[in-house]
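A short worksheet on the structure shown next.
The values are calculated or read from the model by the stated rules, or taken from the named source; none is laboratory data. Please read all numbers here as calculations on a predicted model, not as lab measurements. All Cβ positions, glycine included, derive from the backbone under ideal geometry; neighbour counts span all protein chains shown.
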Amino acid sequence: MVSRAYFKIITEAEKLDAQIEAQYKLVHNDPNATKRAREEAERKFQAHRAMLSGLRSWNIFSENRSGDLDYFKKENREAIENMVDEGQGTNQMINFLIYKLADLYHVEEEAGN
């Protein structure tokens with residue numbers, strides 16, 4: 001399930017990448033945009049890129065993958081087991097893992113600032 005969640009979040013993030021970059025450039029180059037709007041667009045763009053870069057670095061489909069995936073699995077195993085015990089569906093569990101993957105990188109981004 002973690003592999004499915006990983007693949008789904010990477011796919012979605014790559015689809016959004018061009019859109020987020022275009023939005024960032026539009027606001028950044030707009031002479032009427034407020035400083036706050038520029039800062040928010042910059043923050044969103046940088047957070048998205050950091051998440052995408054971090055997830056790509058896991059290389060889960062490679063023999064040389066990082067240990068992050070194994071750590072993530074261990075960290076979320078109990079929550080998934082509880083969801084199984086509660087009878088939640090696979091899609092709910094995958095969506096939970098996607099949320100945790102995205103949250104992991106957004107929390108790291110905020111901690112870095």
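Are any of the residues in region 48-61 part of a helix (DSSP H, G or I) and basic (K, R)?
Checked region 48-61: at least one residue is part of a helix (DSSP H, G or I) and basic (K, R).
Listed residues G67, G89; which is modelled with pLDDT of 90 or more and small (G, A, S)?
G89
Scanning for something out of contact with any His (no Cβ under 8 Å at 6 or more places or on another chain), surrounded by 14 or more Cβ atoms within 10 Å (Cβ to Cβ) and polar (S, T, N, Q), does region 27-42 turn up at least one residue?
Within region 27-42 (the criterion being out of contact with any His (no Cβ under 8 Å at 6 or more places or on another chain), surrounded by 14 or more Cβ atoms within 10 Å (Cβ to Cβ) and polar (S, T, N, Q)), the answer is no, since none of the residues qualifies.
Keeping to region 28-44, report how many residues are more than 27 Å from I98 (Cβ to Cβ), assigned to a helix (DSSP H, G or I) and not charged (D, E, K, R).
Qualifying residue count, region 28-44: 2.
Select, from A5, A18, the only residue that is surrounded by 11 or more Cβ atoms within 10 Å (Cβ to Cβ) and among the small types (G, A, S).
Answer to the selection: A5.
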